[in-house]
Amino acid sequence: MAVTQTEAKEYDVIVVGSGAGGGMSAYVLTIAGLKVLMLEAGRDYDPIKETPMFNWPKDAPLRDASTPDRPFGFYNATVDGGWQVPGEPYSQASEDPKRQFSWWRPRMMGGRTNHWGRISLRNGPYDFKPYSRDGLGFDWPVSYDDIAPYYDKTEMLIGVYGDTGHQLENIPDSPAGILQPPPKPRAYELLAKKACNDMNIPVIPGHLAILTERQDHKVLPKKLFPNNPLGQKVTADSMQSRSACFWATHCGRGCSIKAAFQSTTVLIPPALATGNLDIISNAMVREVTLNAAGKADGVIYIDKTSRQERKVKARAVVVAASAAETARIFLNSRSSLFPDGIANSSGLVGKYLMDSVGGGVTGQIPALEGLPPMNEDGSSGHHLYQPWWLYKEQKAGKLNFAKGYHIEMSGGRSMPGAGVFGGLEHLTDGAYGSSYKDACRRYYGTFVHFAGRGAMIPNENSFCEIDAERVDQWGIPILKFHWQWSDHETNMVAHMHKTFAQIIEQMGGNVISTLHTDGSKAISNGGSIIHEIGGTIMGADRGKSVLNQFCQSWDVPNLFVADGAPFPSKADKNPTLTIMALAWRTSDYIVEQFKQRAI
């Protein structure tokens, strides 16, 4: 996938990052005919050749168990990177674990899109205007109606399963004909749905970026690019190369048949096929540079192979390195014009860092005991989920937290991995030998986990800054993180625990994890959900934001951001679909700016 080029070549656009936002930017810009250089901090990666789709857990080191260098297991698609990257530290402002931020960094082509859960939910109208609704957070400078056409196009391009017609508050439906058919629910999901129906909690098909059927390569490319023959051709060829899921292996390993969306299989290959994209991997970007007119004129990076500093030039720069990394690049891009970091006249670069609010409870369900052997793998994520359902109660002030959460279910009889039978001792009365094996067969597939993913309110005490005393192995100053949850978030997690316990009991089950009434004891650490956003927030007022409605720097008009950093508020919805929709919209704007010779 890597393409060679010369440093002397000047590009139309440099894109920093190859994940959801960077991949989408490169795809849209190259189809429009612009010459693009993509810089990726990690190594090249080809899912077609490298994905261990059919390997058994028993054949992996430690039977695919988590290790410090492979926290999601040996087979996970994050082949390089994780919570800690050797030679690339970050620091914490507090010694209190609850005041710390866990920073996930994949150093590989395609970034987080290689191993993500692929949950693809649209933000709703309330999510774009949270301050107008309840006086908390920041309104986006765009509305749902502004982004909806880009949700449509992104879903058609990447392939998202789900359904429509539920007419739930703040849960937008996709127009007819866009979503792929959802897979059938599993047994535990149907049991949970029955329990939730009794509790007036809605349960609907999940929306995941996994193909349940082949894409219509004759119709969809024409809808996406009605007046662009190049766009139609490369997109049609790409869609023809993708297969429908055959429900056998975990998407977190990557997908060599391209059924599960990855930037490395769906966005970057057609961008390369245009002939308009060059890629440099192992390129650790340090800063964006400026010309005498105060416009971005390129990027300085460290070639990680030679350890030499390089500079590449372009007429515009799109930074899509992930929210905190993008903030780091901005803060390290210092000059006489921007002594505190490029595009930082507002002083808000690095500010208002956010993550999803996380909490979970596990139950054991006797009704699922002793089931016959069956293949219940399905997709690697949920087939059904519970969207937030208490908007009216919240608006009326009946809850002690202002934002919502959705529920993601997991369980069933998927391929067993390392430790799957750990913790059975409290159910088996000390069984040993053949009786313990019988107990394993009896209880396998009877455990259900409910995880909440909630909206965080941006606050002034959650941010990143440059650590003035430390650099990484490439000589680049590192980030220091500050973090704080508010009572809204901790109260939300207490509500999660109470609700999940009630669902388990309604299913006839027993809670087997620790329940907390104090949400501060149950809330996941900041960053641990890996839904990191904020740091270069967008807004309508240049004094209160870093970017405008097109994710364009107020201060440097040819500098753009195309990852989660522009998000001014955090919805309960997972951010990746919105990152890609925004990146597409921003890229369309860049193309128009080039046509008008404004760049």
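The values are calculated or read from the model by the stated rules, or taken from the named source; none is laboratory data. Keep in mind that this is a model prediction, so the values were computed, not measured. Here the Cβ is made from the backbone with ideal geometry for all residues, glycine too, and neighbour counts use every protein chain on show. For accessibility, only protein heavy atoms count, side chains too; no ligands or nucleic acids. Shrake-Rupley method; radii C 1.70, N 1.55, O 1.52, S 1.80 Å.
Per-structure values
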| item | result |
| --- | --- |
| On Cα atoms only, tilt of 487-506 relative to the major axis of the chain in degrees | 40 degrees |
| Degrees separating the helix 229-240 axis from the principal Cα axis of the chain, which is the longest one | 30 degrees |
| Per residue accessible area in Å² of segment 415-456, where ligands, DNA and RNA are left out and the probe is 1.4 Å | 54 Å² |
| Nearest-0.05 FRET efficiency for D237 and T67, computed from C-beta distance (R0 35 Å) | 0.35 |
| For R286, residues with placed amide H under 5 Å, excluding near neighbours | I300, Y301, I302 |
| Angle in degrees between helix 576-595 and the longest Cα principal axis of the chain, rounded to the nearest 10 | 20 degrees |
| F246 paired with S94, simple spin-label distance in nm, labels 7 Å along Cα-to-beta-carbon | 5.0 nm |
| The chain - percent of accessible surface contributed by carbon and sulfur, probe 1.4 Å | 50 percent |
| Cα-projected label distance for R542 with K49, points at 7 Å along beta-carbon direction, nm | 4.8 nm |
| Label zone at L337, where the point sits 7 Å out along the Cα-to-Cβ direction: segment 22-44 residues whose backbone N lies under 18 Å | none |
| Where labels lie 7 Å past Cα in the beta-carbon direction, separation of T517 and D80 in nm | 5.1 nm |
| Neighbourhood net charge (9 Å Cβ-Cβ; Lys/Arg +1, Asp/Glu -1) for T576 | +2 |
| Protection proxy ranking of 371-378, 177-184, 100-107 - average other beta-carbon atoms within 10 Å, highest first | 100-107, 177-184, 371-378 |
| Around S333: net Lys/Arg minus Asp/Glu count, Cβ-Cβ under 9 Å | +1 |
| Dipole magnitude of segment 266-346 about its Cα centre (Cβ charges: Lys, Arg +1; Asp, Glu -1), debye to nearest 20 | 120 debye |
| Spin-label zone in segment 469-497 - amide nitrogen under 13 Å from a point set 7 Å from the Cα of N461 along the C-beta vector | 482-490 |
| Gain in span if fully extended, E505 to K395, counting 0.36 nm per residue against the direct Cα distance | 36.8 nm |
| Spin-label zone in segment 165-205 - amide nitrogen under 11 Å from a point set 7 Å from the Cα of K223 along the C-beta vector | 175-180 |
| Burial ranking of peptide ranges 123-132, 320-329 (average Cβ count within 10 Å, highest at the top) | 320-329, 123-132 |
